[in-house]
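Everything on this sheet refers to the single structure shown next.
The values are calculated or read from the model by the stated rules, or taken from the named source; none is laboratory data. Just so we're clear, the structure is a prediction, and the values are computed from it rather than from any experiment. Cβ placement follows ideal geometry from the backbone for every residue including glycine, while neighbour counts extend to all protein chains displayed.
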Amino acid sequence: MAVEFQSISLYLQRNTLRSIIYIFLRLIILSIFIIIVLSSCGNSDKELSEYNSKNLGIEEILNVQINYTLGGKAKAKLSSPLMLRVQEVNPYVEFTKKMHVDFFNEIGAVDSRLDARYGKYFELESKVFLKDSVKVVNVLGDTLYCNELWWDRNKKGCEFYTDKPVRIRRKMQIIDGVGMDASQDFKAWHIINPVGVISIPNSQFSSN
């Protein structure tokens, strides 16, 4: 009988030891998991952004300047503090911190200027979508204001177009409308649905 009690006691001790080891191992695994989670949470927003950008195939370029040429002649020069190149099935380039473009005529002089707070260039289609405080000025001082504008270099003679509200300021008048197309030098333009024309004395005209 004493032998049986001794066997039972030994059996209980072994099982208790196994339980302790099992619980100990689980605590170790749980501790490692918590450390990993806390470490990842400790990463800065910049580190996480850079990690996500690399995984998504996004290339960042600071203070970029791009020259567009045709037949060896400069046609436009684009500058922006930040450019994002996104590699997808339809790759594109984003300018998320404003962009400026100078357009040149045949003798290399500036024909017109464009500014926008956001731009997106679709590489396969060779066109740019512009939005947020878009402004185009030609050498005559005529100025286009709108919130959305397309710039498509394949549409000769009407590279700029939009179906959104526009405002054009000239020396002596302001013209409002909806929808427009215009040449890249902004010397020829057409408002599709004019809304109204306001005549302004030259002394009261502001270029802003």
Name every residue in the range 143-154 that is out of contact with any Cys (no Cβ under 9 Å at 6 or more places or on another chain) and within 18 Å of Ala116 (Cβ to Cβ), in order of residue number.
Thr143, Leu144, Tyr145, Cys146, Asn147, Glu148, Leu149, Trp150, Trp151, Arg153
Every pair of residues 6+ apart whose Cβ atoms lie under 9 Å, when the first sits in the range 171-194 and is of a type in the set (Ser, Thr, Tyr) while the second is not in a strand (DSSP E or B):
Ser183/Lys156; Ser183/Gly157; Ser183/Cys158; Ser183/Glu159
For the range 111-136, give me each residue that is part of a strand (DSSP E or B) and under 13 Å from Tyr92 (Cβ atoms).
Tyr118, Gly119, Lys120, Tyr121, Phe122, Lys127, Val128, Phe129
Looking for whichever is more than 12 Å from Phe186 (Cα to Cα), among the acidic types (Asp, Glu) and either modelled with pLDDT of 90 or more or outside the structural domain of Lys171 (by TED's automatic domain parsing) (or both) here; the options are Glu159, Glu106, Glu125, Glu94. Which one fits?
Glu94
So for the range 167-175 (the condition being within 20 Å of the chain's Cα centre (by Cα) and surrounded by 13 or more Cβ atoms within 10 Å (Cβ to Cβ)), does at least one residue qualify?
no
